1. Would you check which residues across the stretch 73-83 are surrounded by 14 or more Cβ atoms within 10 Å (Cβ to Cβ) and modelled with pLDDT of 95 or more and list them?
2. Based on this model, can you work out whether residue 53 counts as touching a strand residue (DSSP E or B) at 6+ places or on another chain (Cβ under 7 Å), assigned to a strand (DSSP E or B) and within 12 Å of residue 84 (Cβ to Cβ)?
3. Taking the stretch 14-35 on its own, how many of its residues are surrounded by fewer than 14 Cβ atoms within 10 Å (Cβ to Cβ) and part of a loop (DSSP other than H, G, I, E, B)?
4. Does residue 38 satisfy the condition of being modelled with pLDDT of 95 or more, within 13 Å of the chain's Cα centre (by Cα) and either part of a strand (DSSP E or B) or surrounded by fewer than 17 Cβ atoms within 10 Å (Cβ to Cβ) (or both)?
5. Within the stretch 47-54, can one find any residue that is loosely packed, with under 12 Cβ neighbours inside 10 Å, on the phi < 0 side of the Ramachandran plot and at pLDDT below 95?
């Protein structure tokens, strides 16, 4: 059964705006990115380099935690990309990076 928006928000699943520098590690590179928002299911970031849908990375948060993610969508911008990243280790109640 799908969770309602109210249920997700009560569990901390709603998106929260965030502006934190994170590092995407994988595919032989470390790519710096900035978060736009974070939820328990994933995050939206801005990157200058090129990412590809389906690519998997480890995202390193400022507090030292790392979580596996997969690129699920991309939007090209004049100065880089906006990417939707899905956490691969399941939803959590607390928001990574101390952003709650």
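1. 74, 81, 82, 83
2. Judged against the criteria, residue 53 is not a match.
3. Result for the stretch 14-35: 3.
4. For residue 38, the condition - modelled with pLDDT of 95 or more, within 13 Å of the chain's Cα centre (by Cα) and either part of a strand (DSSP E or B) or surrounded by fewer than 17 Cβ atoms within 10 Å (Cβ to Cβ) (or both) - is not met.
5. Just the residues of the stretch 47-54 that are loosely packed, with under 12 Cβ neighbours inside 10 Å, to begin with: 52-54.
With the extra rule that they be on the phi < 0 side of the Ramachandran plot, the set shrinks to 52-53.
Of the ones still in play, those that are also at pLDDT below 95 are 52.
The answer is yes; a qualifying residue exists.
The values are calculated or read from the model by the stated rules, or taken from the named source; none is laboratory data. Nothing here was measured: the structure is a model prediction, and the numbers come from that model. Counting neighbours? That spans all protein chains shown, and the Cβs are built from the backbone with ideal geometry, glycine included.
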